[in-house]
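Since the structure comes first, as structure tokens, the remarks are kept for the end.
The values are calculated or read from the model by the stated rules, or taken from the named source; none is laboratory data. From a predicted model like this one, the values you see are computed outputs, not experimental measurements. We place every Cβ from the backbone using ideal geometry, glycine too, and count neighbours over all the protein chains shown. SASA here: full protein model, heavy atoms, side chains in, ligands and nucleic acids out. Shrake-Rupley method; radii C 1.70, N 1.55, O 1.52, S 1.80 Å.
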Amino acid sequence: MSVQTLGNAVLIVLVIGWIGYRQMTWRPVSIAKMWRFPAIAAVVGVVLLVQQVKPSSLTPLDLVVVVAELVISLAVGAWMGAIAHFRPLAAPVQLGKDARYVAVYESRTGVLGLVLWVVVLAVRVLMDVSAGMAGSHLAEATGIILLVLAANRVARTAVFAARLDRHATLAA
């Protein structure tokens, strides 16, 4: 087992635990704040890819695997946003020191959200192993894990934003 594979396994376990906890608990929702994590994960993922992967070593298989993973991650993220439950907070809550991050709703996706996370990560691992056996080197890159995670969170946040806009419109 290589250090990179071990690092990927540790990263996956940490992500499952962190996001699993967040799926099961009610959390205040600030759309502006929700965009930060996927942006950071995407930038770090791209930087890691640039450092780890030589463009000349990319194959069509690499590109197909990455596109498939991203599409699956986007679809599951949108699904997670669609199944989320919202409830209004008794009073608006400021998140952090920045006054721009104020929540008026809280949300959770519950057990189904956790199951969807496990599906995303299982597909990621299966595609990584399968593509690696078929000769893909890009699928093993840590940067791809972060890009898949970022894609999922982008789709979820976009659906959250649309749903909360509808809530606000109906409440007005």
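Please go through region 117-144 and pick out each residue that is crowded, with 16+ Cβ neighbours inside 10 Å and more than 17 Å from G20 (Cα to Cα). Scanning region 117-144 gives M127, D128, A131, S136, H137, L138, A139, E140, A141, T142, G143, I144.
Every residue in region 93-106 that is in contact (Cβ under 8 Å) with a residue 12 or more places away in the chain and open to solvent by less than 90 Å² (accessible area, probe 1.4 Å), please. Reasoning before the result, please.
First, pick out the residues of region 93-106 that are in contact (Cβ under 8 Å) with a residue 12 or more places away in the chain: 93, 95-96, 100-106.
V93, L95, G96, Y101, V102, A103, V104, Y105, E106, listed by residue number.
Do we have any residue at all in region 70-87 that's in a helix (DSSP H, G or I), open to solvent by 70 Å² or more (accessible area, probe 1.4 Å) and over 25 Å from A32 (Cβ atoms)? Yes, that holds for at least one residue.
If you check G143, G132 for being in a helix (DSSP H, G or I), within 15 Å of the chain's Cα centre (by Cα), farther than 20 Å from K33 by Cβ and of a type outside the set (S, T, N, Q), only one passes: G143. Examine region 31-43 for a residue that is among the small types (G, A, S), at pLDDT 90 or above and surrounded by fewer than 17 Cβ atoms within 10 Å (Cβ to Cβ), and state whether such a residue exists. There is at least one residue in region 31-43 that is among the small types (G, A, S), at pLDDT 90 or above and surrounded by fewer than 17 Cβ atoms within 10 Å (Cβ to Cβ). Which of the numbered conditions does V47 fail, given that it passes all the others? Conditions: (1) at pLDDT below 90; (2) over 15 Å from the mean Cα position of the chain (by Cα); (3) part of a helix (DSSP H, G or I). Result: V47 fails condition (1) only.
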